[in-house]
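Q: I have a structure here, written as structure tokens, and I will follow up with some questions on it.
All of the numbers you see were taken from the coordinates with simple rules; none came from a lab. Owing to the predicted nature of the structure, the values given are computational and were not obtained by experimental measurement. In this analysis, Cβ positions are derived from the backbone assuming ideal geometry, glycine residues included, and neighbour counts consider all displayed protein chains.
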Amino acid sequence: MAGEGGINGTAVFAALAGSVLLYSGLKGKSISSVARSFLEGKNPGAVPQTKPIATAAIIPPGSPNPFTTPLPNDVSVTSGAGYAALSKQYSANGPERLTFAQARQAWTLAGGPGGATSVIAAAITMPEAGLRPGAVQAGQPYSTTGWGLWQITPGNSVPSAGTDNQLLVPLNNAKAAVAKYRAAGGFSPWVTYTNGSYAQYLTQAAL
């Protein structure tokens with residue numbers, strides 16, 4: 001029996017039991033789960049945290065995963081020889097090729113997201129155009145002919161990027177590609193993304 005001014009164990013237990021019953025009734029939770037939370041020192045009303053989806057889940061099985069290694073800073077220079085290579089118009093179906101770093105630079109300069117997203121964007125240009133800014137798809141009706149690095153069709157371009165030969169300027173092509181990406185909420189418009197053929201170039205595109 002507790003002395004005067006001491007803690008009455010029976011009263012404490014009764015108060016705790018009352019709290020458990022009241023909380024479980026208000027929240028619709030079982031009495032046992034609420035009691036267990038109190039005993040473990042947890043908030044019985046806390047919402048369980050779900051694990052985030054791993055970024056690597058978008059990489060096909062067996063493919064390199066660039067997301068596990070640090071990426072170099074996305075280049076944002078707007079002058080010099082590097083920028084000149086992105087702002088000039090290339091000959092239709094000419095042999096010139098850009099590097100993955102230049103494709104990524106064009107993407108980010110055009111307002112596209114950097115980091116891992118820019119790596120995917122650059123990787124897509126290989127199966128789409130072989131990294132050739134002058135690539136023009138052959139054997140298609142005009143309306144479905146792909147132009148440039150991201151193979152933009154006339155109907156998928158935007159006024160600021162132009163159409164036809166104007167899309168053979170890497171920065172113009174990138175502007176149209178970024179607009180297409182944002183409109184779709186991702187890379188789903190590119191078949192080379194949905195079929196996974198871009199994935200084998202991810203490691204190279206991250207360098």
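Q: How are the Cα pair distances of the stretch 88-152 distributed, in percent, across 5 Å bins from 0?
A: 4, 20, 27, 23, 16, 8, 2, 0
Q: Still on this model: For the stretch 83-200, state what percent of all Cα-Cα pairs lands in each successive 10 Å bin, counting from 0 Å until the bin that includes the largest distance.
A: Reading upward from the zero bin: 16, 54, 29, 1.
Q: Moving on to the next point. Residues in the stretch 131-162, backbone N under 18 Å from the label point at Gln89 (7 Å along the Cα-to-beta-carbon vector): list them, ranges by number please.
A: Once the point is set 7 Å along Cα→Cβ of Gln89, 133-137, 146-155, 157-162 turn out to lie under 18 Å by backbone N, inside the stretch 131-162.
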